[in-house]
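Have a look at the structure below, then the notes.
Bear in mind these aren't lab numbers, they're just calculated from the coordinates by the rules spelled out. What you see is a predicted model; the values in this text were computed from it and never measured. Note that each Cβ is placed from the backbone with ideal geometry, even for glycine, and that neighbours are counted across all protein chains shown.
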Amino acid sequence: MLLCDFHIHSHFSDGQHSIADLVDHYGKAGFDCIAITDHLCEESSILGLGARFLGRTLTRQSFPRYLEEIEREADRAWRTYRMLVLPGVEITKNHFSNRHSAHYLGIGISQWINPDLSITEGLEVLRGQGALTVAAHPLGTDDLETQTLQLWNQRSTLAQYFDAWEVGSGRKTYPEVLESGLPILANSDLHHLKQFESWKTLIEAEKSQRNIFDAIRNQRLTPWFLRQGEKPPCLDLQDRRKIKHEASLGA
């Protein structure tokens with residue numbers, strides 16, 4: 001079983017830590033695979049322009065340096081911790097309306113993607129790069145922010161484009177996603193280390209990007225709520241409904 005977290009932000013967008021610091025924290029905690037997924041906000045929308053002005057998004061100018069730093073840190077992470085570090089983005093389509101906002105992850109990217117593409121166009125581009133596609137926090141986060149409900153409201157149309165939907169995000173769990181029968185994944189959506197106690201995923205796979213992606217697509221995994229100082233529990237892979245009753249919101 002591999003201990004993984006595929007939704008982590010650095011100071012390249014709105015995270016509080018460098019990629020190097022994140023690598024050391026996760027590596028020392030014994031993780032097998034993480035993905036750095038900084039925000040890539042729309043370039044033409046008002047909220048996207050605001051994020052760019054505030055330095056809370058990747059840009060065309062910062063993107064090459066972002067990939068270079070992840071590649072450099074991925075090499076160090078493997079040599080030091082035997083931990084995989086994957087490059088990713090969180091395509092961020094913020095809107096003043098909850099039902100028009102959407103965030104989705106592309107994990108294992110290799111090239112720039114235009115965040116102004118439609119959701120289906122963007123997902124097709126990511127899949128063309130061989131990336132894993134994940135619907136991020138598709139239901140309410142309970143935070144005072146615009147909620148990203150568009151993907152969930154259009155799930156019947158968009159399901160074919162996603163490899164997984166977040167069933168756990170941060171300290172929040174989504175029983176509706178679990179009960180929907182859609183493929184699932186659980187992540188921290190970490191922006192600062194105080195959020196480290198949060199959802200993660202245990203993956204049944206050999207330690208390589210290809211094998212991990214295959215395991216996620218075939219749902220050989222178990223969501224797990226990480227608490228400080230705890231070791232991964234031996235959960236029944238055939239009874240993932242336990243996360244609804246025994247680990248709701250990390251309680």
If you plug each phi of the stretch 4-10 into the Karplus form 6.51 cos²θ - 1.76 cosθ + 1.60 with θ = phi - 60°, what whole-Hz ³J(HN,Hα) values come out, in order, with x for Gly and Pro?
-> 9, 9, 10, 8, 9, 10, 10
The long-range amide H neighbours of Leu86, using H built 1.01 Å from N in the peptide plane and a cut-off of under 5 Å, are Ile34, Ala35, Ile36
Give the order of Asp5, Asp214 when sorted by the count of other beta carbons within 10 angstrom, beginning with the fewest.
-> Asp214, Asp5
Under the Karplus relation 6.51 cos²θ - 1.76 cosθ + 1.60, θ = phi - 60°, what is the ordered set of whole-Hz ³J(HN,Hα) values for the stretch 187-203, x standing for Gly and Pro?
-> 9, 7, 6, 6, 10, 8, 5, 5, 8, 5, 6, 5, 6, 9, 9, 9, 10
If the cut-off is a Cα-Cα distance under 18 Å, which aspartates and glutamates reach Lys207, setting aside same-chain residues fewer than 8 apart in sequence?
-> Asp5, Asp32, Glu71, Glu73, Asp75
Where the only charges are on Cβ atoms (+1 Lys, Arg; -1 Asp, Glu), what is the dipole of the chain about its Cα centre, to the nearest 20 debye?
-> 300
When a/c is below 1.5 the answer is rounded, else prolate if a/b is larger than b/c, else oblate, so apply that to the stretch 77-125 with a ≥ b ≥ c taken from the square roots of the Cα gyration tensor eigenvalues.
-> prolate
Largest fluctuation, Ala215, Ala136, Ala35 only, Gaussian network model of the chain with Cα springs under 10 angstrom, belongs to Ala215
FRET efficiency, Ala29 to His95 (Cβ-Cβ, R0 41 Å, nearest 0.05) | 0.70
Shape of the chain, Cα gyration tensor, a/c cut at 1.5 = rounded
Which order do Glu69, Glu176, Glu42, Glu166 fall in if you start with the one that has the fewest other Cβ atoms within 10 Å?
-> Glu176, Glu69, Glu42, Glu166
Given 0.36 nm per residue, what is the gain on full extension from Asp214 to Gln228 after removing their alpha carbon distance, in nm?
-> 2.1 nm
